[in-house]
Each structure stands twice: as C-alpha cells, then as structure tokens.
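Novice: Can you read through this structure? Questions will come right after.
The values are calculated or read from the model by the stated rules, or taken from the named source; none is laboratory data. Predicted, not measured: the structure shown is a model, and the values here were computed from it. Note that we place each Cβ from the backbone using ideal geometry, even for glycine, and neighbour counts take in every protein chain shown. Quick note on the areas: whole protein, heavy atoms, side chains included, nothing else; ligands and nucleic acids left out. Shrake-Rupley method; radii C 1.70, N 1.55, O 1.52, S 1.80 Å.
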Amino acid sequence: MITDPSGRALDYLRLSLTDRCNLRCVYCMPEEGIGWKPHTEILRFEESLRLCRLLCALGIRRIKLTGGEPLVRRGLENFIRELREIPLLEELTLTTNGLLLADFLDRLGDDARSLLNGVNISLNSPDSANFARIARRDRLEAALAGMRRALAAGLPVKLNCVPLRGFNEQDLAATAMLARNEVRAVRFIELMPLGAASSLEGVPMAEVLAILEREFGALSRDYSRIGNGPAVYYTVPGFAGKIGFISAISEAFCAGCNRLRLGADGRLRACLASEVSADLRSLLRSGAGDDEIKNAVLRLAEIKPAAHKFAGSVVSGGRGEGGVLPEQEYCRIADGMYRIGG
Ligand code: SAM
Ligand code: SF4
C-alpha cells in the first residue's frame with residue numbers, strides 16, 4: 001500500500017492520456033489550443049501500461065482515464081482491454097466531455113459494461129448558447145448524445161459542472177434537473193485557480209446550494225459512499241440521482257485525498273496544486289528496472305502535501321478569504337487542468 005506522511009492510503013490514479021482536446025473550455029484550455037508537441041513527449045500506451053502495472057503492484061486499485069480529452073486518443077479501446085487484464089485493478093472509469101462517447105461506446109460494443117465501471121461527463125450547461133460560451137464550441141447536442149448512449153449501454157453516469165460567475169449561474173437548477181431520472185449524480189465542482197481559470201470567478205458551493213434549495217426545497221445530506229472522490233452528496237425530493245459538491249476551495253477537501261496523477265507526459269504528481277512531480281517517462285526510457293520506478297513513486301508519496309494552498313479569493317467566501325495564509329504562500333499553478341487531468 002502507498003501511504004503518505006498524513007497517513008492517507010493512495011489507491012486511486014488519475015491517468016491522463018493526452019493534453020489535447022476538442023473543446024476549449026474557458027477555465028481550462030487557451031482559446032488557441034495548445035502548441036504541437038512531438039509524440040515522443042507523450043507516453044506510448046505500452047509505457048502507460050507498464051506504469052499502471054507497477055502502480056497497481058504498489059496499491060492502486062482504481063484508475064480514472066482523463067486528459068485533455070481521453071477519447072481523442074486513437075487505439076484507446078485496446079488500451080482499455082489491456083488495462084483490464086491487470087488482476088489487482090478493481091475499477092476503471094473514464095471522464096470525458098462526451099463529444100466522441102457515442103462512437104467510442106459503439107466500438108466497445110457489448111463489452112462496454114464489463115470494461116468500464118462508469119463514466120463522468122462534463123456538462124456545464126443544458127443551454128446550448130451558454131454551453132458554447134464556456135466550451136468555445138457549439139457542441140451541446142454531441143455531449144448529450146454521448147450521455148444518452150452511455151445510459152443506453154447501462155453505464156453509471158455522473159455529470160460534472162463547474163459553476164462560473166457570468167456564464168452558467170442561471171442554468172444551475174436546470175443542470176441539477178438532469179439528476180431527476182437516469183443519471184447517478186450531477187456534481188458541482190468549485191473552480192480551481194489553475195492556468196486560464198485564475199482570471200475567472202467561480203460560484204461557491206454555499207451559493208449553488210442556496211440556488212438549488214430555492215428551486216427544489218431543502219436538500220438532505222446523503223452519507224452513503226458514492227464513488228472515490230471528495231464529493232459531498234445530497235438527495236433532492238423526487239430525484240433518482242444525487243446532487244454532489246466538490247468544494248475544492250470553500251471546504252477543505254484534502255483530508256481524504258487518496259490520489260496520484262500521472263500526466264500524459266509521464267510526470268507523476270502527488271497533488272494537483274503542486275509543481276513537484278516525478279519524471280517517470282525519463283526513468284522508463286533510461287532503462288530503469290521495476291524497483292527503481294517503484295522507489296520513485298514511493299519517494300513522491302512521501303512528500304505529498306497535506307493540503308493545497310489555493311488562493312481563496314477566486315471563489316468568494318473561500319478558505320483563503322481573510323488571509324488564512326499570507327498572500328505569497330498561495331500556490332499559483334501555470335498549467336491548465338488539461339495538463340493535470342482534473
Ligand atoms: N476532458 C474531460 C472532461 O472535461 O471531463 C477530462 C479532463 S477535464 C481536465 C477533467 C475535469 O476537470 C472536468 O470535469 C473539468 O470541468 C474540470 N476542470 C478543468 N479545469 C478546472 C478548474 N480550473 N477548476 C475546476 N475544475 C476544472
Ligand atoms: Fe477539454 Fe475537459 Fe478541459 Fe473542457 S475541461 S477544455 S473538455 S479537457
């Protein structure tokens with residue numbers, strides 16, 4: 001088992017397969033996209049597989065495929081089939097913007113349910129104009145088609161929405177309504193000040209909750225365990241699915257952090273809010289043996305920060321407001337989430 005100095009067991013890996021994406025969400029990607037990178041800088045599938053096997057040998061039990069947009073990576077179906085061969089891996093899920101999901105699930109065919117334990121789909125607004133303002137692409141229908149296809153395949157689906165001041169505040173209740181029938185959960189993620197997001201303002205969890213309670217009546221906390229992450233869930237009268245909040249800024253969500261993040265470039269991070277990483281790609285390509293790579297992972301886990309130090313000012317009412325930390329100690333992460341994997 002991999003444990004960190006705070007005693008947290010790290011059994012969950014977010015595996016980014018690419019920095020590229022077919023959307024340009026204002027809080028994640030630069031409008032012009034990212035510069036062309038030689039393929040040699042990105043881990044080949046066989047390299048990712050070797051690292052996943054080693055990480056599972058160390059204690060990883062759940063993997064989430066992410067990016068960028070993981071579905072733009074060609075040959076993903078075979079990679080997923082090979083990942084599934086790792087005996088210690090208990091759960092494999094995917095997070096996607098949904099645009100290519102319908103075709104991808106067609107290619108997986110009847111195996112989709114045995115290969116994937118669930119799918120998270122980013123859906124920031126069910127209003128096509130507001131969706132397009134955030135994604136800088138008019139592709140709501142494709143995302144919804146992906147969601148419908150995943151539901152038809154019998155996959156558990158969660159939707160993720162980042163509430164953004166001036167973009168989708170007026171749509172939050174309509175987004176939550178998507179949890180009324182088949183979707184397992186609609187989760188609201190507080191904006192984190194990474195890359196392009198640093199100049200935008202998120203809507204804090206308390207405000208989203210108030211908006212939803214005005215619309216649906218009192219929400220009740222649901223303490224049953226759903227998923228692997230830091231989301232806090234609520235039930236809404238008459239809804240089959242739950243409403244979740246991932247409050248990166250206004251609530252301390254680090255205490256239960258169980259994750260490592262492997263970037264598409266082979267950099268392993270122990271915290272999304274830290275620039276510290278282990279360059280596993282260079283180790284792999286220098287011919288390192290399994291033990292050498294495992295030791296690099298364990299050394300990184302030893303310095304996993306106890307908590308992030310995001311500036312609270314990005315979400316008003318946040319943890320840092322009023323100066324919990326001196327301003328110069330807040331972290332500033334230059335990379336957008338497309339590079340870190342969410
Ligand atoms: N492209 C896929 C998607 O959008 O689901 C996977 C990668 S995306 C980087 C993973 C998640 O991170 C998405 O739910 C996205 O909305 C979220 N995200 C990106 N930038 C963020 C930020 N600055 N703060 C909070 N969440 C962010
Ligand atoms: Fe692409 Fe996901 Fe980032 Fe949006 S949040 S730009 S869909 S990687």
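Novice: Can you tell me which residue is most open to solvent (accessible area, probe 1.4 Å) among those in region 157-189 that are assigned to a loop (DSSP other than H, G, I, E, B) and not basic (K, R)? I'd like the intermediate steps shown before the answer.
Specialist: First, pick out the residues of region 157-189 that are assigned to a loop (DSSP other than H, G, I, E, B): 162-163, 165-168, 180-184.
Okay, now just the ones that are also not basic (K, R), so 162-163, 166-168, 181-183.
Working: V162: 16, P163: 2, G166: 46, F167: 35, N168: 0, N181: 105, E182: 131, V183: 5 Å².
Checked region 157-189; the qualifying residue most open to solvent (accessible area, probe 1.4 Å) is E182.
Novice: Looking at (1) in a strand (DSSP E or B); (2) touching a Gly at 6+ places or on another chain (Cβ under 8 Å), which one does L92 not meet, given that it meets all the others?
Specialist: Result: L92 fails condition (2) only.
Novice: Assuming P30 fulfils every condition listed in (1) within 16 Å of ligand 2 (Cβ to nearest atom); (2) over 21 Å from the mean Cα position of the chain (by Cα); (3) not hydrophobic (A, V, I, L, M, F, W, C) apart from one, which condition is it?
Specialist: (2)
Novice: I need a count of the residues in region 1-43 that are acidic (D, E) and free of Cβ contacts under 8 Å to residues at least 12 places away in the same chain. Please lay out each step first, then the result.
Specialist: Here is the first cut: in region 1-43, the residues acidic (D, E) are 4, 11, 19, 31-32, 41.
Filter once more, so that each one left must be free of Cβ contacts under 8 Å to residues at least 12 places away in the same chain: 32.
The qualifying residues number 1.
Novice: If you don't mind, another one. Just one of S224, S198 is at pLDDT below 95 and within 16 Å of ligand 2 (Cβ to nearest atom); which is it?
Specialist: From the options S224, S198, the qualifying one is S198.
Novice: Output the residues belonging to region 190-218 that are surrounded by fewer than 21 Cβ atoms within 10 Å (Cβ to Cβ) and either among the aromatic types (F, W, Y) or under 24 Å from P30 (Cβ atoms) (or both).
Specialist: Within region 190-218, G195, A196, S198, S199, L200, E201, F216 qualify.
Novice: Considering each residue of region 260-282, count those that are in contact with a Gly (Cβ under 8 Å, 6 or more places away or on another chain) and either open to solvent by 30 Å² or more (accessible area, probe 1.4 Å) or over 30 Å from W36 (Cα atoms) (or both), and give that number.
Specialist: 4
Novice: Working only within region 84-108, note down all residues that are exposed (fewer than 14 other Cβ atoms within 10 Å of the Cβ) and either aromatic (F, W, Y) or modelled with pLDDT under 95 (or both).
Specialist: none
Novice: Return the pairs, sorted by first residue and then second, in which the second residue is more than 16 Å from ligand 1 (Cβ to nearest atom) and open to solvent by 10 Å² or more (accessible area, probe 1.4 Å), the first residue lies in region 44-69 and is within 12 Å of R14 (Cα to Cα), the beta carbons are less than 6 Å apart, and the residues are 6+ apart or on different chains.
Specialist: So the pair list comes out as I60/D11; R61/D11; R61/E90; R62/E91.
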